Amino acid sequence: MHNTVRPVAFTLTLALGLGAGRASAAGASAPGSPELARARQARWALVTNTSPGQVAVYGVERETGALSLHSTAATETAPGSIAVHPTGRFAYVACGGTRSVQAFKFNTATGALSAVGSFPVPGAGSNPHTVAIEPLGRFLYVTSVGSNTIAGFWINPLTGALTLLPGFPLGTGTAPHEIVFDRFGFHAFVGNWRAGTISAYDIRWTGRLTPVQGSPFATDARPEGLAMHPSGRFLYAAHSDGGGVSAFAVSPRGVLTPVTGSPFAAGLDPFGVAASVDGRTLYISEPLFEVVLMRRADTATGALSDLPPSRVPAGNNVRTIRVDPSGRFLYVRAIAPSAVFAYSIDADGLLTPVVGSPFMVEPGVGGLALVR
């Protein structure tokens, strides 16, 4: 009984804490004021680097979006995907070399990382790929390509330590890659790269994942990156090695239905996908053409259309792509050069390179997360 009540208690604590934060911000600044906009802007970018194994913390310049190296923290071998808790207090890294998730405390005032511990990812031949935290911050999930499973953990709200949830690991489609959630944390969606499907799950209050009716849902081959529309009504999947972005309408029960006209053209090798905060623009990293593609998203139907100019230059093998919480900047991780490309986002959703971009990082494939 003790283990089952902790997630509920934490949900109430987090909800009250976030509500208090919103009330304080509203009291200090009028809605829509420049002060409030700056307060909501990302202040840190966390980048994992495989060589050496580390997390690098970059300060984000509030007005320009430029990055400056602040500090580093060592990780276990082969760090990849990184996720930050909604409160900003903890960061988690999937480490393929040790088949584990490494947890850190993060000081949002100073940008300092301190190790919490390393937590094994269960499953025969597990190979952690993507680590993600549901919106309320209660549970962490990690996909494992080697074992075709998902592992679920309860997050201790005081220490950041992880506890494996009952019923995990959970079998899913072949080679699960990205995992995303709807905005309320009711459903989780997993792209099964080799299976060419997307698995959809109900998230129970205990953290257990239960397949929704009709899951898994067929899609084009090799769904790589996933992005949820800010409205929660649409899900987008980029298909690597084949081109195109699929769009799905998401029902209140988590059922996926292809949007008319899907899949939509998006280069030949799209990898990552991210939506603007207003939901009007979709951004796609395209490693083969070394660009970031821009598409207009119809907020009523979810359909995509060209947004001239439809692309901006980026580095070779651009992968992880993130829009910062303020909606003013977009960041893309590239492998050659090993760098983060930064862009400002104008009122029409168009991208302009930030002065000083690209910002060089240590070599190797790695993840990228933003903290406000």
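The values are calculated or read from the model by the stated rules, or taken from the named source; none is laboratory data. Just so you know, these numbers come straight off a predicted model, no measurement behind them. Counting neighbours? That spans all protein chains shown, and the Cβs are built from the backbone with ideal geometry, glycine included.
Looking only at strands (runs of 3 or more DSSP E) that lie completely in the stretch 199-248, which have at least 3 residues being in contact (Cβ under 8 Å) with a residue 12 or more places away in the chain and of a type outside the set (D, E)?
223-228, 234-239
Going through the stretch 291-304 one residue at a time, which ones are without any contact (Cβ under 8 Å) to a residue 40 or more places away in the chain and over 21 Å from the mean Cα position of the chain (by Cα)?
We begin by selecting, within the stretch 291-304, every residue without any contact (Cβ under 8 Å) to a residue 40 or more places away in the chain; these are 291, 293, 298, 300.
Scanning the stretch 291-304 gives D298, A300.
Identify all residues within the stretch 223-257 that are among the basic types (K, R) and under 18 Å from the mean Cα position of the chain (by Cα); write none if there are none.
Step one: filter the stretch 223-257 for residues among the basic types (K, R), giving 233, 253.
The answer is R233, and nothing else.
Please specify each residue of the stretch 156-174 satisfying the condition of being crowded, with 19+ Cβ neighbours inside 10 Å, hydrophobic (A, V, I, L, M, F, W, C) and over 21 Å from G88 (Cβ atoms).
Here is the first cut: in the stretch 156-174, the ones crowded, with 19+ Cβ neighbours inside 10 Å are 157, 160, 162, 165, 168-170, 172-173.
In the following step, the residues that additionally are hydrophobic (A, V, I, L, M, F, W, C) were identified as 162, 165, 168, 170.
Residues satisfying the conditions are L165, F168, L170.
Each row is one residue, and each column tells you yes or no for (1) part of a strand (DSSP E or B); (2) under 19 Å from the mean Cα position of the chain (by Cα); (3) surrounded by fewer than 23 Cβ atoms within 10 Å (Cβ to Cβ); (4) of a type in the set (F, W, Y).
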position	(1), (2), (3), (4)
L330	yes, yes, no, no
A342	yes, yes, no, no
D348	no, no, yes, no
T352	yes, no, yes, no
G356	no, no, yes, no
L370	yes, yes, yes, no
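Take S305 and tell me if it is at pLDDT below 95 and part of a strand (DSSP E or B).
Values: at pLDDT below 95: no; part of a strand (DSSP E or B): yes.
When the stated conditions are applied, S305 does not pass them.
Within the stretch 263-280, how many residues are in contact with a Ser or Thr (Cβ under 9 Å, 6 or more places away or on another chain) and either surrounded by fewer than 18 Cβ atoms within 10 Å (Cβ to Cβ) or over 28 Å from P337 (Cβ atoms) (or both)?
Filtering the stretch 263-280 for residues in contact with a Ser or Thr (Cβ under 9 Å, 6 or more places away or on another chain) gives 263-264, 269-275, 277-280.
With either surrounded by fewer than 18 Cβ atoms within 10 Å (Cβ to Cβ) or over 28 Å from P337 (Cβ atoms) (or both) added as a condition, the list becomes 263-264, 277-280.
The qualifying residues number 6.
Can you tell me which condition T260 does not meet? The list is (1) surrounded by fewer than 20 Cβ atoms within 10 Å (Cβ to Cβ); (2) within 20 Å of I345 (Cα to Cα), and all the others hold.
Tallying (1) surrounded by fewer than 20 Cβ atoms within 10 Å (Cβ to Cβ); (2) within 20 Å of I345 (Cα to Cα), T260 fails exactly one: (2).
Please tell me if T75 is over 14 Å from the mean Cα position of the chain (by Cα), crowded, with 17+ Cβ neighbours inside 10 Å and either more than 15 Å from V131 (Cα to Cα) or among the hydroxyl-bearing types (S, T, Y) (or both). Let's see the steps before the verdict.
Details: over 14 Å from the mean Cα position of the chain (by Cα): yes; crowded, with 17+ Cβ neighbours inside 10 Å: yes; either more than 15 Å from V131 (Cα to Cα) or among the hydroxyl-bearing types (S, T, Y) (or both): yes.
The answer is yes for T75.
Taking into account only those residues within the stretch 281-328 that are over 15 Å from I345 (Cβ atoms) and among the acidic types (D, E), which is surrounded by the most Cβ atoms within 10 Å (Cβ to Cβ)?
Taking the candidates together, the pick is E286.
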